[in-house]
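The values are calculated or read from the model by the stated rules, or taken from the named source; none is laboratory data. The structure presented is a predicted model; accordingly, all values stated were derived computationally and were not measured. Cβ: placed from backbone, ideal geometry, glycine included. Neighbour counts: every protein chain shown.
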Amino acid sequence: MSDLVLKGQLVDAVRLGSERFERMNAAPAEQRAALGQLIGRALLALGREEEAEELFQRLLKIYESHSRSCVRWQASLDQAALFLHLNRAARAAEAFNTVADDDTAPAPLRAEALAGLSVALHRSSEHRRAMHTLNEARRLAQQEGLDGMGELLDALGLDLSAHCCFQVEELREQALGGGADPGVQPVDLAPLRAQLRAAIERLGEAGIATRRLRYIEALLDDSIGSPSGRSRLNEELRWLRELKLSAFEQLARIEAGMVLVQHGDSHAACDVLGAMVYDEQQMRRHRYALELKYCMSQVHAAAGRHGDALRLYKDYVRQALYSMKKEWFQLPRSRFLEKHELAEQSDAAKLRLPLRYRKAYQYIVDHLDDRSLSIRQVAAHIDVTERALQMAFRTYLGMTPAELIRSRRMQRIRDELRNGAGQEGVLAVATRWGLTNRSTLAHNYRQQFDETPSATLRGAAVPA
């Protein structure tokens, strides 16, 4: 069945997989669960979400026969896939993160969750975090020897990169107020096109991943507004329709509509969007209503219907701002992303220091768990006076070495408590980072995070 899925023949894959699934009553729970999940994902791609949801409910009993952890991991991935299909990115990210942030989850499940989380973050306009998440999925797949997953993750990376280019062009065309934004520079697409061609050659067979990259290549082609460009685009859309991949086709048409609008070809954009924009009331209820409103506002403007264009564009801006604000608050707290961002902040701070004092900064970071760490010790390490060290840190970082030590230690303690390492006791965690006085810990922690260490630990203990 997996071969049929990779080739995009999902109708046949669902038929054969469903027959096999019903005959597997005596098979191990793990095998039935894996097959059921593959069928469920295929049903979503075919636009048969009700059938997929019913299957996910049946799978819960299979997960329960395996382990409680299995229920949490697998059910979360099923819910995440469904939410992503419904374009509810924040809810999908929350479900994916349940698995992605669980170090006890099997590596293949974590890699899948990280890949899904990257897509959900990307749809929430968190592009930088999305790429960091995808890189973590790649690192995990390589580390665990998950053969075959690496190329698919690379293809996904090109997909997300292309979408970032589309959105930069959208900002240039319409900068939430009309008119081009001179502060947003055009994107050099040549390197991305070269990477796409190389990836297509590596993937070889005309499977679903290859066709997806070919479609993205067509969207990035400067000739997309010409008859030959539109013909190439329609060929890829026809392939999706012939295989009845309605969910993929719908999203692909919206992507094409957005790009054609940016190229000034509103008539072709309207044609490619088809039935999704014929009825405005139906369009407003569509799961991709935001993108459709943007496209149609540009179509109306090009046709001289400025009243309709302004009405839809205002509606688009209002919904876009509301969605961004709502999803920002709903996005999950991701442990590995927080660590990555903390490391980035640390590196940025270190680079503000003169070269000699960067060594002192790194020495502090590397010895935070040393109870005897002192300013005198740090100064001696780089052969300067304590006064010179203090002055350099105050001048370039706006804090003393002692304040840096305290801040970084509090952050390390917080990371451990939020990851559930505080079951042995808050003070035991703090002691590992050089703090043995409970009142000093409580005072410094509250000052930095506006809550007590115990409150952080209780929050981490709440079940997902």
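Quick notes
- Filter result for ASN87 (over 26 Å from SER246 (Cβ atoms) and of a type outside the set (Phe, Trp, Tyr)): no
- Residue in region 69-81 that is out of contact with any Phe, Trp or Tyr (no Cβ under 8 Å at 6 or more places or on another chain), at pLDDT below 90 and part of a helix (DSSP H, G or I) present: yes
- Hey, MET258 closer than 21 Å to ALA218 by Cβ and either in a helix (DSSP H, G or I) or out of contact with any His (no Cβ under 6 Å at 6 or more places or on another chain) (or both) or not: yes
- Filter pass, VAL99 being buried (at least 20 other Cβ atoms within 10 Å of the Cβ), over 30 Å from ARG285 (Cβ atoms) and of a type outside the set (D, E, K, R): yes
- From the list LEU233, LEU237, LEU273, LEU219, the one residue that fits, being without any contact (Cβ under 8 Å) to a residue 24 or more places away in the chain and crowded, with 18+ Cβ neighbours inside 10 Å, is LEU273.
- Candidate set from region 11-28 (those that are part of a helix (DSSP H, G or I) and surrounded by fewer than 16 Cβ atoms within 10 Å (Cβ to Cβ)); member that is nearest to the chain's Cα centre (by Cα): VAL11
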